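Trainee: So that we are looking at the same thing, I have put the structure below in structure tokens.
The values are calculated or read from the model by the stated rules, or taken from the named source; none is laboratory data. All values derive from a computational prediction rather than experimental measurement. For neighbour counting, all protein chains shown are included, and Cβ atoms are generated from backbone atoms with ideal geometry for every residue, glycine included. Heavy atoms of the whole protein, side chains included, go into the accessibility calculation; ligands, DNA and RNA do not. Shrake-Rupley method; radii C 1.70, N 1.55, O 1.52, S 1.80 Å.
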Amino acid sequence: MRDPAPSGSAVLQADNVSKRFGGNTVFADVSLSLGDKEIVGVIGPNGAGKTTLINILSGQLEPTAGRVRLRGGDVTGVSLAKRAKLGVVRTFQQTKTFKSGTVEENLRRAQMFSGSNLRMDEPYVRALLDRAGLLARLDHLSDTLPYGMQKMLGLIMAILTKPGVLLLDEPAAGLERSERFFIDDYVAAVVRELGASVLLVEHDMELVKRLCPRIAVLDGGRLIAEGPPAEVLSRRDVIEAYLGTADEEDLADA
Ligand SMILES: Nc1ncnc2c1ncn2[C@@H]1O[C@H](COP(=O)(O)OP(=O)(O)OP(=O)(O)O)[C@@H](O)[C@H]1O
């Protein structure tokens, strides 16, 4: 078993976390830490367990073994709702907005349910809404919007909960290439304006390389590499993890 990552400056930390579903071990002994205002990318081929790791860090799932710590305190058994109140917020691969309601109502509900005092007329929130094409559509029913806009709305709703740690599960999935630069502005605003730390699970390697000074690779039930993207993405074992998988073109694009 590896020693847990040093907890000194870690905001959120997985210590030797394992997850099994019945006889299927998704991963074992994974240790990963997220520092103050740090942006860490987690990559790996389909089925490697990236979403499962987010589920465990957010409190949606309990690990089979290991601990999750928030600013050094053990939050392993703490529920998703309580962890959200502590500032650990996740977003989803699919769009997650309230099906009924306008863009503005969705934004207000996100703010209300979290009890945050962040106003949607904060300049940087307005700038993101504008960037997403939503400022001109505040009175539109959200489920009538194109998929990409719904996805960006869901991401901005997460900001309105004022997270201290934001766990992003494939934020660029379903966005057009031209829309993907929204994610750059979004993550920059989260770190700069909220002082939050960000864990980014993503298949778009260009985006990962632009945003993440440090990445970790999950494959075959283990964390096989961790470090700066240029170094990690040129490693033989990382390239091999992607070879022959549908995700191979992710690395080829990078
Ligand atoms: N609730 C669950 N019950 C049983 N098995 C599950 C459950 N959630 C995930 N798994 C299994 O865990 C493994 C990892 O899935 P996960 O969705 O975490 O992978 P991923 O790396 O996020 O994949 P992708 O890149 O395709 O989104 C898969 O084999 C999946 O079938």
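Trainee: In region 192-217, what count of residues is obtained for those that are farther than 21 Å from Gln94 by Cα, of a type outside the set (Gly, Ala, Ser) and over 13 Å from the mean Cα position of the chain (by Cα)?
Mentor: Number satisfying all stated conditions: 8.
Here's the yes/no breakdown for (1) of a type outside the set (Asp, Glu); (2) touching a Leu at 6+ places or on another chain (Cβ under 8 Å); (3) touching a residue at least 60 places away in the same chain (Cβ under 8 Å):
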{"site": "Arg126", "(1), (2), (3)": "yes, yes, no"}
{"site": "Leu129", "(1), (2), (3)": "yes, yes, no"}
{"site": "Ala132", "(1), (2), (3)": "yes, yes, no"}
{"site": "His140", "(1), (2), (3)": "yes, no, no"}
{"site": "Pro146", "(1), (2), (3)": "yes, no, no"}
{"site": "Ile156", "(1), (2), (3)": "yes, yes, no"}
{"site": "Pro163", "(1), (2), (3)": "yes, yes, yes"}
{"site": "Arg180", "(1), (2), (3)": "yes, yes, no"}
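Trainee: Still on this model: When only residues in region 56-69 that are aliphatic (A, V, I, L, M), more than 26 Å from Glu231 (Cβ to Cβ) and buried (at least 22 other Cβ atoms within 10 Å of the Cβ) count, which is nearest to the ligand (Cβ to nearest atom)?
Mentor: Restricting to residues being aliphatic (A, V, I, L, M), more than 26 Å from Glu231 (Cβ to Cβ) and buried (at least 22 other Cβ atoms within 10 Å of the Cβ), the top hit is Ile56.
Trainee: What are the residues in region 20-31 that are open to solvent by 10 Å² or more (accessible area, probe 1.4 Å) and either of a type outside the set (S, T, N, Q) or near the ligand (Cβ under 8 Å from one of its atoms) (or both), if any?
Mentor: Arg20, Phe21, Gly22, Gly23, Asn24, Val26, Ala28, Asp29
Trainee: Among the candidates Ala216, Ala188, Ala230, Ala172, single out the residue that is over 23 Å from Phe113 (Cβ atoms), within 16 Å of the ligand (Cβ to nearest atom), outside any loop (DSSP other than H, G, I, E, B) and among the small types (Gly, Ala, Ser).
Mentor: Being over 23 Å from Phe113 (Cβ atoms), within 16 Å of the ligand (Cβ to nearest atom), outside any loop (DSSP other than H, G, I, E, B) and among the small types (Gly, Ala, Ser) holds for just one of Ala216, Ala188, Ala230, Ala172, which is Ala216.
Trainee: Please go through (1) part of a helix (DSSP H, G or I); (2) under 28 Å from Gly49 (Cβ atoms); (3) open to solvent by 10 Å² or more (accessible area, probe 1.4 Å) for His203 and return the number of the only condition it doesn't satisfy.
Mentor: Single failed check for His203: (1).
Trainee: Taking the conditions exactly as written (at pLDDT 90 or above and open to solvent by 70 Å² or more (accessible area, probe 1.4 Å)), does Gln94 satisfy them or not?
Mentor: The answer is no for Gln94.
Trainee: Next question. Does region 140-147 contain any residue that is closer than 27 Å to Gly59 by Cα, aliphatic (A, V, I, L, M) and surrounded by fewer than 16 Cβ atoms within 10 Å (Cβ to Cβ)?
Mentor: Looking for residues that are closer than 27 Å to Gly59 by Cα, aliphatic (A, V, I, L, M) and surrounded by fewer than 16 Cβ atoms within 10 Å (Cβ to Cβ), one finds none in region 140-147, hence no.
Trainee: Would you mind telling me which numbered condition in (1) more than 13 Å from Val201 (Cβ to Cβ); (2) free of Cβ contacts under 8 Å to residues at least 40 places away in the same chain Asn55 fails?
Mentor: (1)
Trainee: Which numbered condition trips up Gly72, out of (1) more than 24 Å from Lys19 (Cβ to Cβ); (2) loosely packed, with under 15 Cβ neighbours inside 10 Å; (3) of a type outside the set (A, V, I, L, M)?
Mentor: Evaluating Gly72 over (1) more than 24 Å from Lys19 (Cβ to Cβ); (2) loosely packed, with under 15 Cβ neighbours inside 10 Å; (3) of a type outside the set (A, V, I, L, M) leaves (1) as the failure.
Trainee: Next question, about the same structure. Among the residues of region 102-112, is there at least one that is modelled with pLDDT under 90, hydroxyl-bearing (Ser, Thr, Tyr) and under 27 Å from Leu141 (Cβ atoms)?
Mentor: Scanning region 102-112, I find no residue that is modelled with pLDDT under 90, hydroxyl-bearing (Ser, Thr, Tyr) and under 27 Å from Leu141 (Cβ atoms), so the answer is no.
Matching residues to (1) touching a His at 6+ places or on another chain (Cβ under 8 Å); (2) more than 13 Å from the ligand (Cβ to nearest atom); (3) at pLDDT below 95:
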site	(1), (2), (3)
Met1	no, yes, yes
Asn16	no, yes, no
Ile39	no, yes, no
Pro45	no, no, yes
Gly49	no, no, no
Ile54	no, no, no
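Trainee: If you don't mind, another one. Looking at region 152-171, which of its residues are open to solvent by less than 10 Å² (accessible area, probe 1.4 Å) and closer than 17 Å to Thr102 by Cβ?
Mentor: The answer is Met152, Leu153, Ile156, Leu160.
Trainee: List pairs: first in region 29-51 and within 17 Å of Pro163 (Cβ to Cβ), second in a loop (DSSP other than H, G, I, E, B) and of a type in the set (S, T, N, Q), Cβ under 8 Å, 6+ apart or cross-chain?
Mentor: Every condition considered, the pairs that remain are Gly35/Ser9; Asp36/Ser9.
Trainee: When region 205-221 is examined, which residues are found to be within 12 Å of Val42 (Cα to Cα) and touching a Phe, Trp or Tyr at 6+ places or on another chain (Cβ under 8 Å)?
Mentor: Scanning region 205-221 gives a single hit, Leu218.
Trainee: Let me ask you something else. Tell me which residues, restricted to region 12-32, are within 15 Å of Leu200 (Cβ to Cβ) and out of contact with any Leu (no Cβ under 6 Å at 6 or more places or on another chain).
Mentor: Across region 12-32, the qualifying residue is only Leu32.
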